[in-house]
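First comes the structure, then the notes that go with it.
Read-outs throughout are calculated quantities, based only on the coordinates presented, and are distinct from any laboratory measurement. Predicted model, so just to flag it, every value in this text is computed and none were measured. Counting neighbours? That spans all protein chains shown, and the Cβs are built from the backbone with ideal geometry, glycine included.
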Amino acid sequence: MENKDFERKDINGWGIDANPLDVPSYPMKNRNENDNKGMVWERPSQQAAHVEILTSNERPTITAVFGTPNPPSGLSGKIRRYAFKFSESSYGHWLPLLLADRVNMVEGLVDDIKRGHFPNIFSELGGKSELKHNPKGFAKKVIVGLAITAAIVMICKRNNKGEEDEY
């Protein structure tokens, strides 16, 4: 991937912290030119992209260095691509990313089961600790889960009876 030159001054808010003597985290400190010598650095060379990298629509290029542990794939990848169409300051960006994380977790469980590894969901979600340290909360979660499951089963049975009557 190549480094593209662009006019940073044309990007709203870009370089707001460019002056190393103007650091708002300590406004009461008397500053001099030697305080922030370490903040001046050269841009690293562009990292090569071997997988799809989702980029902010507020940046003209990707950052020089980036992580690629989980390239977008499946339904969660489609949700992530949709989220990156929106500004990072909007709910349209962050809420779909939260949903994509949950969907990705389910996709991971399905992949594990396909490979023959059945995860111990109770332990992985901290069931033993919850039972030991918060038994009332654990009981409430179990009761709510059973009630929701029972409601879904009843709805499915009603739908099946209605289909049987039609034939």
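Report, by chain and number, residues whose modeled amide H sits under 5 Å from the one on F86, excluding near sequence neighbours (fewer than 5 apart, same chain).
Hits under the 5 Å cutoff: none.
Report, in debye and to the nearest 20, how large the dipole of region 96-167 comes out about its Cα centre when Lys and Arg carry +1 and Asp and Glu carry -1 on their Cβ. Each step should come with its number before you reach the end.
Working: 11 positive and 10 negative charges, 109 e Å.
About 520 debye.
Which entries of K114/K157; K78/K114; K78/K136 have Cα-Cα distances beyond 32 Å here? Before the final figure, lay out each step's value.
Details: K114/K157 29 Å; K78/K114 22 Å; K78/K136 39 Å.
Over 32 Å Cα-Cα: K78/K136.
In nm, to one decimal, how far is the modelled label at V65 from the one at L131, with both set 7 Å along Cα→Cβ?
4.5
Which one of L98, S123, I79 has its Cα pushed farthest toward the positive end of the charge dipole of region 66-130, where Lys and Arg give +1 and Asp and Glu give -1 at the Cβ?
Final value for the positive-end residue is I79.
Of all alpha-carbon pairs in region 108-167, indicate the percentage at a distance above 18 angstrom. All intermediate terms of the calculation are to be shown ahead of the outcome.
On the way: 1089 of 1770 pairs.
That fraction is 62 percent.
Under 8 Å for C-alpha pairs, at least 6 residues apart: give me the relative contact order for region 36-167, rounded to a whole percent.
Working: 71 pairs, mean separation 17.6, N = 132.
13 percent.
Tally Lys/Arg at +1 and Asp/Glu at -1 over every other residue whose Cβ is under 13 Å from the Cβ of N70; what's the total?
Numbers: positive: R80; negative: E52, D101, E107, D111.
Combined, the nearby Lys, Arg, Asp and Glu give -3.
With labels modelled as points extended 7 Å from the Cα through the Cβ direction, what inter-label distance (nm, one decimal) is found for S87 paired with T149?
Going from the S87 label point to the T149 one covers 4.6 nm.
Once the Cβ-Cβ distance between K157 and L54 is put in as r, and R0 is 45 Å, what FRET efficiency do you end up with, to the nearest 0.05?
Efficiency, rounded to the nearest 0.05: 0.55.
On average, how much area does the Cα convex hull of region 54-167 cover when viewed from any direction, in nm²? Could the numbers behind the result be given before it?
On the way: hull surface 50.0 nm².
For the Cα atoms of region 54-167, the hull's average projected area reads 12.5 nm².
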